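One structure is given here, and the rest of the page talks about it.
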Amino acid sequence: MAQPPHFGIEGAVYFVTTRTFGSRVLLPEERATVQKAILEVAKEGYTELYAYVVMPDHLHLLLRPLKVASLSKILQLIKGRSSRRLSGGKVWQKGFFDFAIVNEVKFKEKFNYIHANALKRNLARVSEEYPFSGAPAYFKKYGAVYYD
């Protein structure tokens, strides 16, 4: 089946999901490599990153592309960098799923979903203990993990 098209809406915030190829399980050190790629792309000014989590077989991002890059370019950078740094063949499925956030209710829902994702898979007792997520830094800065 063909990938659905991605319609860029200038200034929009997106919830993005992409999966590993063949449901490959990323080991903790591999998740750290993916996390590093995400943070580099944000630091380089391609995106305003609100929340992220790198799970064993997928990742979620909540971000706003900045004018220098489209959503597709941002995912290409993250997936490309992490793939090159990881050995062992194909890492990511082709494409990604994106959902444009249209209001604060949806933003809060997706933000909190991302920070709770590791708990649903029993990868941490509390969100701020899962190291492959933005939750620990958010907790350190704001004293909370969830957006009210």
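Brief remarks follow.
- For the chain, lysine pairs with C-alpha atoms less than 21 angstrom apart, excluding pairs fewer than eight positions apart on the same chain, total 23.
- When both the range 36-68 and the range 88-140 are represented by their alpha-carbon centers, they are found 11 Å apart.
- Taken over the Cα atoms of the range 13-142, the convex hull encloses 105 Å³ per residue.
- Here the label points at Lys106 and Tyr142, each 7 Å from Cα along the C-beta direction, are separated by 1.9 nm in the simple model.
Bear in mind these aren't lab numbers, they're just calculated from the coordinates by the rules spelled out. Model, not experiment: these values are computed from the prediction. Virtual Cβ from ideal backbone geometry, glycine too; neighbours counted across all protein chains shown.
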